[in-house]
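The next block holds one structure in the form of structure tokens; read it before the comments.
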Amino acid sequence: MKIPVSLRIAFAALAMAFITVVAAADTRGRADALPGDSIYRLDLALVDQDGHGLMLGDRRGGPVLIAMFYTSCPYMCPLIVETAKRAERSLDEAARARLRVVLVSFDSARDTPPALKAAATERHVDLARWTLTRTDAAGVRRLAAALDVQYRALPDGGFNHSGVLTLLDAEGRIVARTDKLGDVDPEFLAAVRKATSTPH
């Protein structure tokens, strides 16, 4: 028996609706599976140095060093980057391969993907493991609050901010943080080594 075109279209529409509902339920299920204290519950949308959109929670599954910065920062932010690089260099090759570094800019207006890419080049970071990102002003406020980072916009377009490097576990929970920049804080480094010591 030949099924009328109108009926086939109706069946297709129902199938698409079912798939959409299942996909939405699956997404909610994954989010609900996160621990209550996971930073990834922020559901924060980012854009990286290549202009690609991603979610902060995409880094779920392994240890992450995360910090807030901005590319035109003359003092504090270069120290944050160098401290993260020193922490990396203290790891053996296998542990280093497990660690990811995410930097999120305070400067939603000026830190475009090309500005982020230029900063990555200038600071000689490995973009196979590092991601420099931006989000909107509301996202900056939410993440700063979650990471306990203090910041204030300045009249010249810069930012007065605290310098904090935070270690997240595979589920996005804060396991260590440091505001000691330059030389790596031994306690923080011990936490990084422990987090990267075995595959996740």
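The ranking of LYS117, LYS180 by Cβ neighbour count inside 10 Å, starting from the fewest, reads LYS180, LYS117.
Separation of segment 128-162 and segment 49-86, taken as the distance between their Cα centroids, equals 10 angstrom.
In what order do HIS161, HIS124 fall by count of nearby beta-carbon atoms within 10 Å, going from fewest to most?
On the way: HIS161 21, HIS124 8.
Listing HIS161, HIS124 from fewest to most nearby Cβ atoms yields HIS124, HIS161.
Quick one: Debye curve from the alpha-carbon atoms of segment 39-195 only, equal weights, vacuum; give me log10 I(q)/I(0) at q = 0.11, 0.14, 0.17 Å⁻¹ to two decimals. Each listed q corresponds, in turn, to -0.37, -0.62, -0.96. Under 5 Å between amide hydrogens, built in the peptide plane, is the criterion, and for PHE159 it picks out LEU154 among residues at least 5 positions away or on other chains. You can think of it this way: the chain between ARG141 and SER162 has 6.2 nm of extra reach, that is 0.36 nm per residue less the Cα-Cα gap. For LYS117, the aspartates and glutamates whose Cα falls under 13 Å of its own Cα, not counting residues fewer than eight places away in the same chain, are ASP48, ASP50, ASP126. For segment 31-104, the ratio of Cα radius of gyration to the globular rule of thumb 2.2 N^0.38 Å stands at 1.23.
A simple rule links phi to the HN-Hα coupling: the Karplus curve 6.51 cos²θ - 1.76 cosθ + 1.60 with θ = phi - 60°, which for segment 140-153 gives 4, 4, 5, 5, 4, 5, 5, 8, 6, 9, 8, 8, 8, 5 Hz, with x for Gly and Pro.
Only the coordinates and a few stated rules stand behind these numbers; no lab work does. What you see is a predicted model, and the numbers here were worked out from it, not measured in a lab. A quick note on method: Cβ atoms are made from the backbone with ideal geometry, for glycine too, and the neighbour counts reach across all protein chains shown.
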